[in-house]
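The values are calculated or read from the model by the stated rules, or taken from the named source; none is laboratory data. Since the model is a prediction, treat every value here as computed from it, not as a measurement. Using ideal geometry, Cβ is built from the backbone for each residue, glycine included, and neighbour counts are taken over all protein chains shown. We work out accessible area using only protein heavy atoms, side chains counted, and drop any ligands, DNA or RNA first. Shrake-Rupley method; radii C 1.70, N 1.55, O 1.52, S 1.80 Å.
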Amino acid sequence: MPANNGNYGNTGGQRHSDDELWPVGRQPVKRKKKGPNAFGAVLLVVLLAALAFVLYQEYLPGSGGAAAAAGSPYPAVAASASPGLSVSLPAIETAAPTPTPTPAPTPTPAPTPTPLPDFNPVAVDATQPSKLLKSTAVKVGGTIVDSYQAADPIDFGLGQDYTSLEGIVSFRGNNFREGSSYGAANITQQKFGASWKIPTGTLSVPGTSWSGQGWTGQPLCMTWPKDLRQHMNLYDWAKRQDVLHECVYASEDGNIYFFELETGKLTRNTLHVGYCFKGSGALDPRGYPILYVGAGYDSFKGTSHVFIFDLMDCSILYEFGANDPFAIRKWSCYDSGPLVDAATDQLIYPAESGILYIVKLNSQFDPAAGTVSVNITPSDFVRWRYNGVRTGGAYWLGMEDSCVIFRGHIIVADNGGNLMCLNLNTLTVDWVQNVLDDTNDSPVLELEDGHPYIYISTSFHLGWRSSTTAPIPVWKIDAVTGEVVWSTDSRYMCHTVSDLSGGVQGTIGLGKNKLSGLIFVPVADYPGAGNGQLVALDKQTGEEVWHFQSSAYAWSSPTVCYDAAGNGYVIYCTTAGSIVLLDGLTGAKLDVLDAGSNIEATPIVFNGYLVVGTRSNGIWGTQLT
């Protein structure tokens, strides 16, 4: 009930009547009216009216009378004057009702984020590290230590949460290496549209030369905010664009190319570095204008190593990793795609020398001023190295693939047939699985009912297991224990030649949406030498669902993209220069674009636009229609 607002209350008065009251039991006696009594009647009416006026004044609200003193306001009532008497009453002020307060809206609670599953890997008998690793060591700053505990613990989340940027910032997208597509493609005709091309060059280095884009060679793509672009060394037209999707492509010809995704139009001057870049590099997932990329071969300028570039002006912020004395294998090359832990500001970079680098960046970014920096000192380096029981003339040290990281653990394969799971915060080895051979495809991680699994295969390095043909298994591995869930065993018997390994060189494509039950594996030099197949396998059983046969093999990683309805398409590129569009459910060939030259690099698809480089015929772009 509302509070007392002046609209109710006891008057405390009594209604008067002109009727005469008689004692009970007595009856009135009728008398004849006489003339003199008329004057008395008029006088009585006047007296009663005066009395009513006095009483009204006494009890009038606001008059200071008894009712007002008692605090009991009256309702506004129309006065009825006696006949022949005109009374003028003051206006009655009725107190305005106190408004009922509007209740504050109850805020909609933010959805409770799904908690990350725990990930506490532990070896079983078959995956004990001592079966395949001979030794490990850790160096903090300049000192080799007996034990290690991270000052800033690393804890990566889901792949989808690696970055919130509108872009493709790392090889295969994120820390799960789930794929190199972004956004939905508007595919109705299931064809390639008009294409564009950027010419590329050749780089001479000691003993050989490199050209175009090679393995893994995936472009990166970033949507820079317009206000930040005003500080960049972009061309004026690129600064003026309301939206700019800029591709960044480090290449084997020693250049880094910058161009608009949709048109191939250069957005700034090509950066000539003079080192061969085979790997894909990475952009900073926080939106900092920083590029991290390692050289894949020595140059006339010096030993190959890692570069950190300021993408405001394309200057070098920092370099490291050349001729590291901590390395067992003296091979300072970096084909692996690095990752950045945004929460702790650390760069994680596996090397072909057998060293895993964890580097505190001490980065600073001021978007308003358009400045970015890193402040790395020797004490900011943590290094981990290993030695395998098969290391020597038969098997190599070194990590050439791109690592997976989940929670505080890294999973990475090496050139010597070891798939290793390592605790990044203690640098102790959780488990090691035998993957038989020189492994160049990257592991791919997926959570299935909250449990993490790895999909991976391997290469066939001539002379290690065989000099004719060798089985190339595809594995599904339990990421907690390293145990094999299923294997294709000897289903795919592959050929090889020296320096051009057969088997699986491209990273497995992970199906999602309407393709969520499938993985896509590019098998090289199968079923015959020089041939190739893209095979679709059932995630639960490993059984082949379909395969697409090509006359030329593929080192390129298949890229899976989707339309708005979740229909999936696979891009499969071959060494013959074919860019093939396939139906992901059936493997049916929908269209082919001839790029005119060997494609080893991995394509991206960004909002329906495809970009990939060739070894000698430039960078190609087209739209899926």
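Key figures for this structure:
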{"quantity": "Mean accessible surface per residue for region 161-252, computed with a 1.4 Å probe while every protein chain stays in place, in Å²", "calculated": "39 Å²"}
{"quantity": "Spatial separation of Cα centroids for region 506-530 and region 210-245, in angstrom", "calculated": "30 Å"}
{"quantity": "Greater than 28 Å apart at Cα, pairs in 139/330; 191/265; 197/278; 191/476; 226/514; 197/239", "calculated": "191/476; 226/514"}
{"quantity": "Cα shape, region 245-381, gyration tensor, a/c 1.5 rule", "calculated": "oblate"}
{"quantity": "Alpha carbon centroid spacing (whole Å) that separates region 568-615 from region 126-182", "calculated": "30 Å"}
{"quantity": "Portion, in percent, of the accessible area of region 167-324 that falls on carbon or sulfur, probe 1.4 Å", "calculated": "47 percent"}
{"quantity": "Relative contact order %, region 163-228, counting alpha carbon pairs below 8 Å whose residues are six or more apart", "calculated": "41 percent"}
{"quantity": "Burial order of peptide ranges 215-227, 116-128 (average beta-carbon count within 10 Å, highest first)", "calculated": "215-227, 116-128"}
{"quantity": "Kirkwood Rh (inverse of mean 1/r, distinct Cα pairs), region 486-616, angstrom", "calculated": "14.7 Å"}
{"quantity": "Dipole moment magnitude, nearest 20 debye, region 202-325 about Cα centre, only Lys, Arg, Asp, Glu C-beta charged", "calculated": "160 debye"}
{"quantity": "³J(HN,Hα) computed for each position of region 161-172 - Karplus, 6.51 cos²θ - 1.76 cosθ + 1.60, integer Hz, glycine/proline x", "calculated": "9, 4, 8, 9, 6, 8, x, 10, 10, 7, 4, 6"}
{"quantity": "Set of aspartates and glutamates with alpha-carbon distance to residue 512 below 15 Å, sequence-local pairs under 8 removed", "calculated": "178, 446, 448, 449, 538, 563, 583"}
{"quantity": "Relative packing of 406-416, 364-374, which averages over residues the other C-beta atoms within 10 Å, highest first", "calculated": "406-416, 364-374"}
{"quantity": "Mean accessible surface per residue for region 359-508, computed with a 1.4 Å probe while every protein chain stays in place, in Å²", "calculated": "30 Å²"}
{"quantity": "Qualifying chymotrypsin sites (Phe, Trp or Tyr not before Pro) for region 526-566 [loop in DSSP, other Cβ within 10 Å: at most 16]", "calculated": "none"}
{"quantity": "Inter-part distance where region 261-293 and region 347-373 are each reduced to a Cα centre, Å", "calculated": "15 Å"}
{"quantity": "Pair residue 543, residue 316: separation of 7 Å Cα→Cβ label points (nm)", "calculated": "5.6 nm"}
{"quantity": "Prolate/oblate/rounded call for region 526-566, Cα gyration tensor, a/c under 1.5 rounded", "calculated": "oblate"}
{"quantity": "Carbon/sulfur fraction of accessible area - region 515-579, other protein chains in place, 1.4 Å, %", "calculated": "50 percent"}
{"quantity": "Amide H contacts under 5 Å for residue 598, placed H, 5+ residues apart", "calculated": "615, 616"}
